[in-house]
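One structure is given here, and the rest of the page talks about it.
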Amino acid sequence: MAAMDVFLDRLDPDMCVVTAAADGERAGCLVGFSSQCSIRPVRYCVWISDVNRTFRVARSADVLAVHLLARDQRETAEVFGGLTGDDVDKFGRVRWREAYGGAVVLEDAEAWFVGRVVDRTTGGDHVGFVLEPVEWGGREPAAGPLLRLADARTVRSGHPVD
C-alpha cells in the first residue's frame, strides 16, 4: 500500500457536504470523494461511507444535496465531519431550508445542487450515489477559495472509519 500512498497523498480534492432526508430523518456528512461522472447527461457521484448515519438515511432518499464550502467555513465542515447525527442535531447548528423533493440545502454554502439519485454502486467501504442535478444555486460573488482536503485533514471523524 505504501506505493499507492505516494499517489494518494498528492491529491487535494474539494470537500463537500452531502445532506439527505428520508422517512422523517435528516442527515449530512463531510465528503472527500466526489466527482462529475458524465458530461451528457450531466451526472455527479458522491461516495458515502457505509458506516455513516448519512448513508443509512441516503439509501432511502430519492434526492441528495451536495454543497461546496469556502475555505473559511471550517466550522461547518467540523459540524458535518466531526460530529455524528447519532448524538447531535447537526441541522440545529446551521442555517438550512427545504428544497426540491424535500432535500436539505445549507443556506450558507458557496454553491450547491440537489440531485435525483439515479444509481447506487458499491466501492469497498463507500457507496457511490450517482445524481442527476435538478436544482442548484450559490453565492454571487464567490467568497473565496473552496475548502479542500488539506484544509480539513484535522477534522476528526464523528464515526469510526473502519
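With the Cα gyration tensor of segment 1-82 in hand, give its eigenvalues times 5 under a square root as the equivalent ellipsoid semi-axes, listed largest first in whole angstrom.
Taking √(5λ) for each Cα gyration eigenvalue gives 23, 17, 14 Å.
Excluding ligands and nucleic acids, what accessible area in Å² is computed for Ser35 using a 1.4 Å probe, to the nearest 10?
Using a 1.4 Å probe on the heavy atoms, I get roughly 60 Å².
When the convex hull of the Cα atoms of segment 46-162 is projected onto a plane and the area is averaged over all directions, what value comes out in nm²?
Taking a quarter of the hull surface, the average projection is 7.3 nm².
Could you tell me the calculated FRET efficiency between Arg40 and Ala150, based on Cβ-Cβ distance and R0 = 30 angstrom, to the nearest 0.05?
Here the calculated transfer efficiency is 0.40.
With a sphere of radius 14 Å drawn around the Cβ of Leu147, what net charge do the other residues whose Cβ falls strictly inside it have (Lys, Arg +1; Asp, Glu -1)?
Counting the neighbours of Leu147, the net charge comes to -3.
Just by accessible area at a 1.4 angstrom probe, what is the order of Glu135, Glu110, Glu140 from largest to smallest?
From most accessible down to least: Glu140, Glu135, Glu110.
The values are calculated or read from the model by the stated rules, or taken from the named source; none is laboratory data. Worth saying up front: this structure is predicted, and the values here are computed from it rather than measured. Positions of Cβ are generated from backbone atoms using ideal geometry, with glycine treated the same way; all protein chains shown enter the neighbour counts. The area values use the complete protein model at the heavy-atom level, side chains included, leaving out ligands, DNA and RNA. Shrake-Rupley method; radii C 1.70, N 1.55, O 1.52, S 1.80 Å.
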